[in-house]
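Here's the structure, in structure tokens; my notes come after.
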């Protein structure tokens, strides 16, 4: 019989769960794992040989291994699988025990589960984890939210296993309720936006300049040595040099141009609309993945609708140089949209999010880690209640310095007939955000005309309605 004193248990021994458990063991914690798939239990035992790790073959054995009060972490797919694991765990748990959901659960589900578990005398943490399987094994970014006293119980483990940047652990307590899963959701929304922008630069260089994969590898490698330095640029450069073992072609050229999604980007856009916080670059990134999935229709449309030649005629080196500046501006604007959403949600859901700390823990381990996050962190350290990152002087200057390049590149893309909705949405967001006046007065008038939805005036306080179909009578309501 194994000792009944393991520090933490993991339910779900897929790649993420198993790697995170091994990471914990590497840092001196005794850990137990359980999965209904006994092959995964066996894989854990094999990989963890010689460490204080045990793979349990039954849930009862697993629970019995844990030191009281117990800490049980789940890494299973969001939705019904999480509820299924909770139902299985409940008969074995006692008051004061802790359940940690390390998956990509929707934040509203986390709120409901926390309340349900609290009613049963159990603690519940929702923890966003970013970094993929390599991050789980060697150091992810971790975003916990829930009862503070519950976080304190696992804080030493999380701080040890998370990525570290300049001595700082890429994990911190983010707030009550579903704060952790909400921040992870927005992280993923920003990720969608950044990936779309990078994909658009690829298209402009592949079809617009007819660059080879070797040339693309070199350009993205060079860009990654500049202010654009980021994990996504790093892997993009690597992708263009990867060979396909089946064909000896570059792998990128045999991958189908359809991009799937698991829903977190869509959740970000949906919630942003509910909170009336615009995130157009993220929204367009979600929409473009949807559009990529209707490939048969796109192939038909390609035969029906003739467009301009895709090939750019002009200074190619200047084109690439401008494109680099444009990508940085787009990155700043995308982060600005995501951080503004976090600021709005923090107030709406009473998370009290420490946005400087959010930027800090995103600097290592996670998919959107980038040099830019140091400046974002500094902006929120200086002004924690900053409503929009574009109000930070350094960020504003960075975008304004690249405004002409952004406009020029959108113009080029239009002339070439190459779709760049992420760049266009970023520019449109900038132009709308800097507009002291917008044509929304016409929308107010239209809504009042067809639906008596009322309007407000610039010269008088109150809400008004006009009998548009008859005499123009102004009625205060």
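One table, with the values for the structure above:
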| quantity | calculated |
| --- | --- |
| Label-to-label distance, nm, for residues given as residue 446 and residue 218 (7 Å Cα→Cβ offset) | 5.0 nm |
| Cα convex hull of segment 184-433, projected area averaged across orientations, nm² | 13.9 nm² |
| Where the Cα pairs of segment 238-338 fall when distances are cut into 10 Å bins, in % | 12, 23, 39, 24, 3 |
| Ranking of 206, 184 by count of other Cβ atoms within 10 Å, fewest first | 206, 184 |
| Viscosity 1.306 mPa s, 10 °C: Kirkwood-radius Stokes-Einstein D of segment 174-281 over Cα pairs, µm²/s | 99 µm²/s |
| In degrees, nearest ten, helix 107-119 long axis to first principal axis of the chain (Cα) | 30 degrees |
| FRET efficiency estimate (nearest 0.05) - Cβ-Cβ, residue 87 to residue 431, R0 51 angstrom | 0.50 |
| Angle in degrees between helix 372-382 and the longest Cα principal axis of the chain, rounded to the nearest 10 | 90 degrees |
| Order of 187, 352, 164 - criterion: other Cβ atoms within 10 Å of each residue's Cβ, fewest first | 352, 164, 187 |
| Semi-axis lengths (Å, descending) of the ellipsoid that matches the C-alpha gyration tensor of segment 8-177 | 21, 20, 14 |
| Gain in span if fully extended, residue 469 to residue 207, counting 0.36 nm per residue against the direct Cα distance | 89.1 nm |
| Equivalent ellipsoid, the chain (semi-axes from 5 times Cα gyration tensor eigenvalues, Å) | 42, 31, 21 |
| Between helix 179-203 and the chain: long-axis angle, C-alpha atoms, 0 to 90°, nearest 10 | 50 degrees |
| Gain on full stretching of the segment that runs from residue 159 to residue 243 - 0.36 nm per residue minus C-alpha separation | 26.5 nm |
| Ranked 312, 62, 450, criterion: other C-beta atoms within 10 Å, fewest first | 450, 312, 62 |
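All of the numbers you see were taken from the coordinates with simple rules; none came from a lab. The structure displayed is predicted, hence computed values, not measured ones. With ideal geometry, Cβ positions are generated from the backbone for all residues, glycine too; neighbour counts draw on all protein chains shown.
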